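Written out below as structure tokens is the structure these notes cover.
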Amino acid sequence: MAAALQAIRCFTFPTTPSAHQVHGTSSASMFHENGRRTRTRRSLHIRAAKPETVEKVSHIVRIQLALSPDVALTPESKFTELGADSLDTVEIVMRLEDDFNINVEEQSSDNITTIQEAADLIDMLVEQKS
């Protein structure tokens, strides 16, 4: 058993924080007193969007992509599956920003792939704004 523990310890390399970690710009790693690095994960707690937000996002997506009324839209509908390319997605996000009077950062907009994700982000940004 001791040999097995020693083998495992060989793969846990002591590290020292780099300059960006010392200055607090890296939140992906955490250092313990013994100098060993462990990885942490960020978790976002996003509440599900209000039904009226999902409905308004669906309406905007339908207009921006010129979808006919017979195309079924659900919260799980992916923009790409509806025929959107990257430019369409940017235009959808711009329209959402205008209609909801919010500002979506580029990093956040890259993560919007479904109607539900857009609605969740919108409700979160509107709540933060007030």
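Residue selection: PHE100 satisfies the criterion of being in contact (Cβ under 8 Å) with a residue 24 or more places away in the chain and more than 16 Å from the chain's Cα centre (by Cα). Among residues of segment 114-130 that are closer than 22 Å to ARG62 by Cα, those with a beta-carbon under 9 Å from a residue that is assigned to a strand (DSSP E or B) and at pLDDT 95 or above at least six positions away or on a different chain give the pairs THR114/LYS78; ILE115/LYS78.
Yes/no per residue for (1) modelled with pLDDT of 90 or more; (2) in a loop (DSSP other than H, G, I, E, B); (3) assigned by TED's automatic domain parsing to the domain that holds ILE102; (4) not acidic (Asp, Glu):
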residue: ILE8; (1), (2), (3), (4): no, no, no, yes
residue: PRO17; (1), (2), (3), (4): no, yes, no, yes
residue: SER27; (1), (2), (3), (4): no, yes, no, yes
residue: SER58; (1), (2), (3), (4): yes, no, yes, yes
residue: VAL61; (1), (2), (3), (4): yes, no, yes, yes
residue: LEU67; (1), (2), (3), (4): yes, yes, yes, yes
residue: THR74; (1), (2), (3), (4): yes, yes, yes, yes
residue: ALA84; (1), (2), (3), (4): yes, yes, yes, yes
residue: LEU87; (1), (2), (3), (4): yes, no, yes, yes
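Restricting to segment 89-115, what's the tally of residues that are part of a helix (DSSP H, G or I) and within 23 Å of ALA48 (Cβ to Cβ)? The qualifying residues number 12.
The values are calculated or read from the model by the stated rules, or taken from the named source; none is laboratory data. Being a predicted model, the structure only gives us computed values, none of them experimental. All Cβ positions, even for glycine, are placed from backbone atoms using ideal geometry, and neighbour counts span all protein chains on display.
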